[in-house]
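Notes for the one structure printed next.
Derivation of every value follows stated rules applied to the coordinates shown; laboratory data play no part. Here the structure is a predicted model, which is why all the values come from computation and not from measurement. We place every Cβ from the backbone using ideal geometry, glycine too, and count neighbours over all the protein chains shown.
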Amino acid sequence: MHIPDGYLGPITWGALWLVMIPVWIIAARKLKKDLKTKNVPLLAMGAAFSFVIMMFNIPVLGGSTGHAVGGTLIAIVLGPWAALIAISIVLIIQAFFFGDGGITAIAAESFVLGLILPFVGYYVYRLISTNADISSSRQWIGAGIGSYIGINTAAVVAGILLGLQPILHPAVEGKFQYFMYPISISVPAMAIEHLVLFGFVEAIVTLSVVRYLQQTDPSLLRIQTKAVSIEKAGGVSA
Amino acid sequence: MNGKTMKKLWIGIAILIALTPLGLLASGMAWGEWSSEELQEMLGYVPDGINKGENLWQSLFPGYSISGLEDSFLQSGIGYILSAVIGIGLIYLVTIALGKFIAKREEEKGNENS
């Protein structure tokens with residue numbers, strides 16, 4: 001779901017910068033309130049984890065490849081706003097240093113992989129794991145299902161963004177300027193490979209780490225619930 | 001959270017870094033991330049915007065490769081691992097710096113169970 005420069009026309013990538021700038025500001029404010037300094041190294045580790053698992057390209061039928069993202073995992077541990085920041089940092093470094101994803105498309109990619117993916121994944125996880133004990137199997141089941149739905153929703157949104165291009169920028173003399181396939185092709189293409197393969201890879205990665213944390217250091221899965229309960233109890237002494 | 005877990009998780013990431021060359025075995029591009037050569041083959045032309053987009057930015061390590069380390073699978077593998085180390089180093093530094101800047105500076109009261 002890295003979108004190279006020139007795949008999206010200026011209307012689309014421009015609009016997504018306009019959407020993402022305020023979203024990043026909101027995220028920074030949320031983190032100012034909720035992210036403790038002692039959890040910053042954990043955030044950096046989450047971003048590092050996402051970066052490294054994205055390097056494991058997996059082939060899918062038809063000669064295409066894809067990979068897991070790990071956004072829902074970061075959201076489960078540190079919250080969806082933290083995941084947005086971590087994934088956005090990863091995408092910026094990938095675009096500038098490794099040519100993976102375009103510079104103009106950084107906002108569009110952050111929208112898809114940093115906003116849609118972890119938020120959908122996290123809230124599905126919350127829905128399944130609400131009131132479940134930290135050691136409950138609902139934790140890792142929720143993590144698996146949430147991350148699967150999260151990455152698939154992101155794939156569909158990416159397909160829509162790409163498929164909008166031939167509508168926004170129709171072919172001139174038989175040649176398209178930007179992305180060329182319509183939504184009727186791009187959405188199924190993106191959805192199918194994630195539904196049958198990459199979604200399961202993402203789910204296995206996410207639920208394995210959640211299970212590992214349940215068994216070795218459950219306090220890592222309590223950061224979120226603790227933040228919520230402290231807020232309810234009337235704030236932290238500062 | 002305790003330091004031991006963090007150490008274990010970083011070891012896990014180090015193992016993943018060492019295994020990244022497995023990701024090179026899949027040779028195809030992701031759907032919708034084709035290069036201009038591939039598009040030329042697929043469509044018979046390269047969309048103008050994509051052609052321009054490709055030349056918009058020259059990254060230092062294109063496709064996680066390191067120049068001079070591209071002649072064999074072993075070399076690309078080493079380049080890929082180095083790219084992972086460089087990428088993670090940069091991401092770590094940026095996240096820590098940003099975190100220092102925005103995270104809540106609370107007085108550590110020692111009321112955590114770590």
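Assorted remarks:
- When the C-alpha to C-alpha distance is required to be over 20 Å, the pairs from A:Lys175/B:Lys52; A:Lys33/B:Lys8; A:Lys38/B:Lys4; A:Lys38/B:Lys7; A:Lys33/B:Lys100 that qualify are A:Lys33/B:Lys8.
- Rh by Kirkwood over Cα pairs, then Stokes-Einstein D for the stretch A:1-45 at 1.306 mPa s and 10 °C, µm²/s: 123 µm²/s
- Dipole in debye (nearest 20) - the stretch A:10-228, about Cα centre, beta carbon charges: Lys, Arg +1; Asp, Glu -1: 820 debye
- Alpha-carbon Rg/Rh ratio, for the protein assembly as shown, with Rh computed the Kirkwood way: 0.98
- For the stretch B:72-84, the Karplus equation 6.51 cos²θ - 1.76 cosθ + 1.60, evaluated at θ = phi - 60°, returns couplings of 9, 5, 4, 5, 4, x, 5, x, 5, 5, 4, 4, 4 Hz by residue, with Gly and Pro reported as x.
- Legend: calculated FRET efficiency, A:Trp17 to B:Val85, from the Cβ-Cβ distance at R0 = 35 Å, rounded to 0.05, equals 0.70.
- Within 10 Å of each Cβ in B:80-89, the average number of Cβ atoms from other chains: 4
- For the peptides A:72-81, A:117-126, the ranking by mean Cβ contacts within 10 Å, running from highest to lowest, is A:72-81, A:117-126.
- Applying 1/(1 + (r/R0)^6) with R0 = 30 Å to the Cβ-Cβ distance of A:Gln215 and B:Leu22 gives a FRET efficiency near 0.70.
- Put simply, the stretch A:137-183 fits an ellipsoid with semi-axes of 37, 6, 5 Å; these come from the alpha carbon gyration tensor as the roots of five times its eigenvalues, largest first.
- Distance between the stretch A:106-173 and the stretch B:33-51 - C-alpha centres, whole angstrom: 28 Å
- Relative intensity, log₁₀ I(q)/I(0), of the stretch A:90-147 from a Debye sum that treats every alpha carbon as a point, q = 0.16 Å⁻¹: -0.59
- Choice from A:Gly174, A:Gly99, A:Gly144 with maximal GNM fluctuation in chain A (Cα, 10 Å cutoff): A:Gly174
- Extended-chain gain in nm, criterion 0.36 nm per residue less alpha-carbon gap, B:Lys100 and B:Ile11: 29.6 nm
- Here the Kirkwood formula puts the hydrodynamic radius of the stretch A:98-238 at 17.3 Å, using every distinct Cα pair.
- Highest-first arrangement of A:46-53, B:78-85, where packing means the average Cβ count within 10 Å: A:46-53, B:78-85
- Taking the square roots of 5 times each eigenvalue of the Cα gyration tensor of the stretch A:1-138, largest first, gives ellipsoid semi-axes of 26, 19, 14 Å.
- For chain B, the longest site-free run once trypsin sites (Lys or Arg not before Pro) in DSSP loop states with at most 16 other Cβ atoms within 10 Å are removed: B:1-104
- A P(r) calculated from all alpha carbon pairs of the stretch B:1-62, with 5 Å bins opening at zero, reads 4, 13, 14, 15, 12, 11, 9, 9, 6, 4, 2, 0 percent.
- Given R0 = 30 Å, the distance between the Cβ atoms of B:Ser72 and A:Leu168 translates into a calculated FRET efficiency of 0.10.
- Principal semi-axes of the equivalent ellipsoid, √(5λ) from the alpha carbon gyration tensor of the stretch B:30-106, are 33, 21, 10 Å from largest down.
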